[in-house]
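K.L.:
Take a look at the following structure, please.
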Amino acid sequence: MTDFSHVRQDFPVLKRQIHGRPLVFLDSAASSQKPTQVLDVMDAAYRTYYANVHRGAYLLSEESTTAYEDARGKVARFINAGSRSEVVFTRGATTALNMVAFGWGMDHLSAGDKIMLTMMEHHANVVPWQLVARRTGAELVYLPMDADYQLDINRLPDLLDERIKVVSFTGMSNVTGTMPPVAEIARMARDQGALVGVDVAQLITHAPIDVQQFQADFVAFSGHKMLGPTGIGGLWGRPSLLEEMEPFEGGGEMISDVQLEGSTWAPVPHKFEAGTPPIVEAIGLGAAVDYLEKIGMDSVRRHGQELTGYALNRLSELPAVRVFGPADLTARGGVISFALGNVHPHDVATILDQEGIAVRAGHHCAKPLTRALGVPATVRVSFQVYNTRDDVDALIAGLRRVQEVFRVD
Amino acid sequence: MSIEELYRDVILDHNRNPRNRGTLDHPDAHAEGNNPLCGDELSLDLRLDGDRVTEVAIQGQGCSISQSSASMMSQAIKGKTLEEIEAVIATFKAMMDIQASPSRAGLDPDRPGAVLGDLEALQGVRKFPVRIKCANLAWTTLEEALRSGKGKVES
Ligand SMILES: Cc1ncc(COP(=O)(O)O)c(C=O)c1O
């Protein structure tokens, strides 16, 4: 097993006591904790060279601009983009998906066209398309899930007809942990002439990502789930897509020239970054990428698999636990949803919280999926680089406590 | 603070064996409530005879706090007049108000259950502020149902 014990020391919040117990943080899929290495870089930016970017003809602004653009370069390298100009900084995955849905969809979709999503999507990859469908008259089609909690790609040839203009799907489910075969789905969709997008908000922090190997047209992600700060994330886009897409927002920074009757846009990616961007957040995201690369994403993936395998094993000790997700560790990441007998997930989460264990209970912003699972809500645990087998052991002990309180056998 | 303060036996009992479950044909008042945060759902039917609630039927799903609160509420309001019910609602709300003390809510600390019966077991929820919404769901739904049924009552 990879030695990740040193990693914990980098996350100050993990030293906290919760209700008199050491914190066991198992909700990183909602948002991850931040290492000192990210906090320090952000602190230093504010303390030593902060200024607005792309504006001032003075040293601080130049330093800020360099740090901001360097962060873009780090993100580009992290996902193996062809160049840094293919990476647009956004507020997060949600904004990135809205940018494409509106910036591309409003000009390319009309009545009779279809948008293909899947049953596994986070609302961030459903609602923007619904909004655009409503305005353009396009229809929505959902790729179903099979009995193994995988996307049913056998249905793809059927569903993918020439009316499908865009296929947008998740690289890893934030509920079941399922990792669909991204490159394969992308290839089939592209062969049909559709624009292809992948929501990698979860995948990006659980496995190495190579957008060139995906052969998709765009990917969306959030910094805060990958050890970076909130308020920053990104859209990677194929250069031809970014060129043809309309900017989603207008304002400062994103123009080349402004005349009274109209304007011309700054070159990609800046045409999509209207207004003063979250400068220090972007720099913090760059530091998070440095941190993950230092561990190595292959090690991160291995650690996640080992921990997930261990957790699934230990959960199987409790007969009342029912896991909603693939058993195959090569086809899933470190997010596990489950039910504990008839105890409502909300009650499970409250009791675990009393034991210092933070888990998520609910529909995880993926209502079509939880509905398909046949439950109103699930308990979800999710792992990050700082989680250990001890955390899993604490979880199991906590679940035994829930069983005691609710008298579950 | 122990978890048993929240999950009192009465609450677990109402959760396991909810009272007055079901629906009514042609109810005189009806409302639905939900708590989008955790997915608690409730549907409430009332039968009125003059200004008296004679039947209560509840359907729903959700956490033990929301479901037991609904079950206990159904017992507390069945057979009561609208005026009496308004008073129960007011006492319950005051009891769940974190700012107010139980005695200000009109409860008698020396005689637990004397004022609101089983419902007083929900006081423990005050120490778990994120769960207060769960306990209140049945009551906001009840208020909604009474508003919707008012026309009928007076006619
Ligand atoms: C798969 C997936 N997509 C998109 C999002 C949305 O991310 P954000 O809220 O950071 O924009 C999330 C966050 O929960 C997610 O898990």
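K.L.:
Efficiency by 1/(1 + (r/R0)^6): what FRET value for B:Ser148 and A:Glu404, r their Cβ-Cβ distance, R0 = 51 Å, to the nearest 0.05?
P.N.:
Working from the Cβ atoms, E equals 0.75.
K.L.:
Okay, moving on. In whole Hz, what ³J(HN,Hα) sequence does the stretch A:215-222 give by Karplus (6.51, -1.76, 1.60; θ = phi - 60°), x for Gly and Pro?
P.N.:
Those phi angles translate into 6, 8, 9, 8, 9, 10, 8, 10 Hz.
K.L.:
Additional query: Take every Cα-Cα pair in the stretch A:348-387 and report what % of them are more than 17 Å apart.
P.N.:
Across the stretch A:348-387, Cα pairs with separations above 17 Å total 40 percent.
K.L.:
Pull up all non-local amide H partners of A:Leu140: gap of 5 or more, or a different chain, and H-to-H distance under 5 Å with H placed in the peptide plane.
P.N.:
So A:Leu140 has HN proximity to A:Ile115.
K.L.:
Measure nothing but the geometry: give the 0 to 90° angle between the long axis through the Cα atoms of A:389-405 and the longest principal axis through the Cα atoms of chain A, rounded to 10°.
P.N.:
Once rounded, the angle reads 60 degrees.
K.L.:
At 7 Å along the Cα-to-beta-carbon direction for both A:Glu69 and A:Gln37, put a label point, then send me their distance in nm to one decimal.
P.N.:
Taking the simple label geometry, A:Glu69 and A:Gln37 are separated by 2.5 nm.
K.L.:
Summing +1 for each Lys or Arg and -1 for each Asp or Glu, what net charge is found among the other residues whose Cβ lies under 13 Å from the Cβ of A:Asp148?
P.N.:
Net local charge, A:Asp148 excluded: -2.
K.L.:
Still on this model: Determine, from the Cβ-Cβ distance of A:Ala331 and A:Gln212 and an R0 of 30 Å, the FRET efficiency 1/(1 + (r/R0)^6), rounded to the nearest 0.05.
P.N.:
Efficiency, rounded to the nearest 0.05: 0.85.
K.L.:
Another question, then. In the stretch A:347-409, what trypsin sites (Lys or Arg not before Pro) fall in a loop by DSSP, with at most 12 other Cβ atoms inside 10 Å?
P.N.:
A:Arg407
K.L.:
What are the DSSP H helices in chain B that stretch 20 Å or more along their long axis, judged by alpha-carbon atoms, and whose average Kyte-Doolittle hydropathy comes to at least 0.5?
P.N.:
Flagged H segments are B:82-96.
K.L.:
Filter the trypsin sites (Lys or Arg not before Pro) in the stretch A:198-305 to those in DSSP coil with at most 11 other Cβ atoms within 10 Å of their Cβ, and list the result.
P.N.:
Passing sites in the stretch A:198-305 do not exist.
K.L.:
Then there's this: Could you tell me how many degrees, from 0 to 90 and to the nearest 10, lie between the Cα long axis of helix A:345-354 and the main elongation axis, the longest principal axis, of the Cα atoms of chain A?
P.N.:
80
K.L.:
Another question, if that's okay. Given the stretch A:221-359 reduced to its alpha-carbon atoms as identical point scatterers, what log10 I(q)/I(0) does the Debye formula return at q = 0.08, 0.09, 0.10 Å⁻¹?
P.N.:
These q points yield log10 I(q)/I(0) values of -0.42, -0.51, -0.60.
K.L.:
Evaluate peptide B:2-12: per residue, the Cβ atoms of other protein chains within 10 Å of its Cβ; return the mean as an integer.
P.N.:
For peptide B:2-12, the averaged partner shielding equals 3.
K.L.:
Here's another thing I want to ask about it. Over the Cα atoms of the stretch A:39-293, each weighted equally, I'd like the Debye log10 I(q)/I(0) at q = 0.07, 0.08, 0.11, 0.15 Å⁻¹, rounded to two decimals.
P.N.:
These q points yield log10 I(q)/I(0) values of -0.24, -0.31, -0.59, -1.03.
K.L.:
Same structure again: Averaged over peptide A:341-350, how many Cβ atoms belonging to another chain are found within 10 Å of each residue's Cβ?
P.N.:
Per residue, the number of nearby Cβ atoms from other chains is 6 on average.
K.L.:
A follow-up question, please. Within the stretch A:378-394, find all residues whose amide N lies under 11 Å from a label point positioned 7 Å from the Cα of A:Arg314 along Cα-to-beta-carbon.
P.N.:
Label zone hits: A:388-394.
K.L.:
To continue, here is another question. Would you mind working out the accessible area per residue for the stretch B:35-155, using a 1.4 Å probe, and quoting it in Å²?
P.N.:
For the stretch B:35-155, the solvent-accessible area averages 44 Å² per residue.
K.L.:
Using a probe of 1.4 angstrom, how much of the accessible area of the stretch B:3-150 is carbon and sulfur, in percent?
P.N.:
47
K.L.:
Something else about it: Say R0 is 45 Å: what FRET efficiency, to the nearest 0.05, do A:Gln17 and A:Leu131 get from their beta-carbon distance?
P.N.:
0.55
K.L.:
Rg/Rh for the stretch B:39-155 to two decimals, with Rh computed the Kirkwood way over all alpha-carbon pairs.
P.N.:
Using Cα coordinates only, the ratio equals 0.96.
K.L.:
For A:Ile357, list long-range residues whose amide hydrogen, built 1.01 Å from N in the peptide plane, is under 5 Å from its own amide hydrogen.
P.N.:
A:Val24
K.L.:
Compute the normalised compactness of the stretch A:1-151: alpha-carbon radius of gyration over 2.2 N^0.38 Å, N being the residue count.
P.N.:
Normalised Cα radius of gyration, the stretch A:1-151: 1.44.
K.L.:
Just need the relative contact order of the stretch A:288-388 here, percent rounded to a whole number, with Cα pairs under 8 Å and 6+ apart.
P.N.:
Relative contact order here is 27 percent.
K.L.:
Between A:Ser110 and B:Ser2, what is the label-point separation in nm under the 7 Å Cα-to-beta-carbon projection?
P.N.:
The two pseudo-label positions are separated by 7.1 nm.
K.L.:
Quick check: pseudo-label points 7 Å beyond the Cα along Cα→Cβ at A:Glu162 and A:Glu249, how many nm apart are they?
P.N.:
For A:Glu162 paired with A:Glu249, the spin-label model returns 4.0 nm.
K.L.:
Over the protein assembly as shown, what lengths in whole Å, largest first, do the semi-axes of the equivalent ellipsoid take, defined as the square roots of 5 times the eigenvalues of the alpha-carbon gyration tensor?
P.N.:
Semi-axes (√(5λ), whole Å): 46, 29, 25.
K.L.:
If you fit an axis through the alpha-carbon atoms of helix A:59-78 and take the longest principal axis of the Cα set of chain A, what angle between them do you get, 0 to 90°, nearest 10?
P.N.:
Tilt of helix A:59-78: around 60 degrees.
K.L.:
Okay, moving on. Taking a probe of 1.4 Å and counting only protein heavy atoms, give the total accessible area buried between chains A and B in Å², rounded to the nearest 100.
P.N.:
1500
K.L.:
Which value, in debye to the nearest 20, gives the size of the charge dipole of the stretch B:4-155 about its Cα centre, when Lys and Arg are +1 and Asp and Glu are -1 at the Cβ?
P.N.:
My answer is approximately 260 debye.
The values are calculated or read from the model by the stated rules, or taken from the named source; none is laboratory data. The shown structure was predicted, so the numbers you read here are calculated from the model rather than taken from an experiment. Cβ sites come from the backbone with ideal geometry, for glycine too, and all protein chains shown count toward neighbours. The protein model used for the area step is the full one, side chains on, heavy atoms only, and it has no ligands, DNA or RNA in it. Shrake-Rupley method; radii C 1.70, N 1.55, O 1.52, S 1.80 Å.
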